[in-house]
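> Take this structure, written in structure tokens, and hold onto it; I'll ask about it next.
Nothing in this text is a laboratory measurement; each read-out follows from the coordinates by a stated rule. In this text, all values refer to a predicted model and were calculated from it rather than measured experimentally. Note: ideal-geometry Cβ built from the backbone for every residue, glycine included; neighbour counts use all protein chains shown.
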Amino acid sequence: MKTNAARILDNLGVTYELRSYEVDPDDLAAVSVAAKLGLPPEQVFKTLVARGDRNGVCLAIVPGDLQLDLKALARATGDRRCELVALREVLPLTGYIRGGVTALACKKDYPVLLDESAQLFDHISVSAGARGLQIVLHPDDYARATRARMVPLTLAP
């Protein structure tokens with residue numbers, strides 16, 4: 001199944017792999033997705049939707065096994081503070097449901113911040129824009145396709 005996210009990568013000439021997995025609607029955690037894909041959780045990145053008090057909505061992409069540092073996100077976006085948006089806002093803001101949010105082919109062109117740990121890997125996994133489907137690609141290709149800035153975004157484990 002090709003998603004709009006995959007079509008964008010096709011148009012950019014980006015090499016990627018689509019990987020599907022069985023969805024458990026009661027467990028959409030990135031750590032669980034990683035186990036189903038046979039990847040370490042730090043290599044499967046989750047897309048979080050946040051809002052800053054000055055600059056509005058942005059997308060934070062962080063490893064599945066770590067927590068977003070909202071203070072680090074605020075520093076990176078130039079906001080005084082950032083908060084994750086309420087779950088009910090995710091679909092209207094992005095066009096995606098929880099467990100399928102991706103910065104590729106998002107409803108609007110929000111700023112994208114990718115945790116710098118992505119550079120540690122030859123490839124990372126991100127949502128393909130649908131539950132049960134991931135895109136595996138080089139982090140530089142992902143950053144280029146989403147115009148992401150790589151910055152430190154996670155709390156120390």
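> Only one of these is touching a residue at least 24 places away in the same chain (Cβ under 8 Å) and buried (at least 17 other Cβ atoms within 10 Å of the Cβ): L104, L84. Name it.
Checking each option against the conditions leaves just L104.
> When the stretch 1-44 is examined, which residues are found to be more than 16 Å from the chain's Cα centre (by Cα), part of a helix (DSSP H, G or I) and without any contact (Cβ under 8 Å) to a residue 60 or more places away in the chain?
Correct list: D10, N11, A35, K36.
> Can you tell me which residue is nearest to the chain's Cα centre (by Cα) among those in the stretch 59-103 that are farther than 15 Å from A30 by Cβ and of a type in the set (S, T, N, Q)?
T94
> With the requirement that a residue be assigned to a helix (DSSP H, G or I) and of a type outside the set (F, W, Y), what does the stretch 114-157 give you?
E116, S117, A118, Q119, L120, P139, D140, D141, A143, R144, A145, T146
> Looking only at the stretch 53-72, decide whether some residue is surrounded by fewer than 20 Cβ atoms within 10 Å (Cβ to Cβ), assigned to a helix (DSSP H, G or I) and without any contact (Cβ under 8 Å) to a residue 12 or more places away in the chain.
Scanning the stretch 53-72, I find at least one residue that is surrounded by fewer than 20 Cβ atoms within 10 Å (Cβ to Cβ), assigned to a helix (DSSP H, G or I) and without any contact (Cβ under 8 Å) to a residue 12 or more places away in the chain, so the answer is yes.
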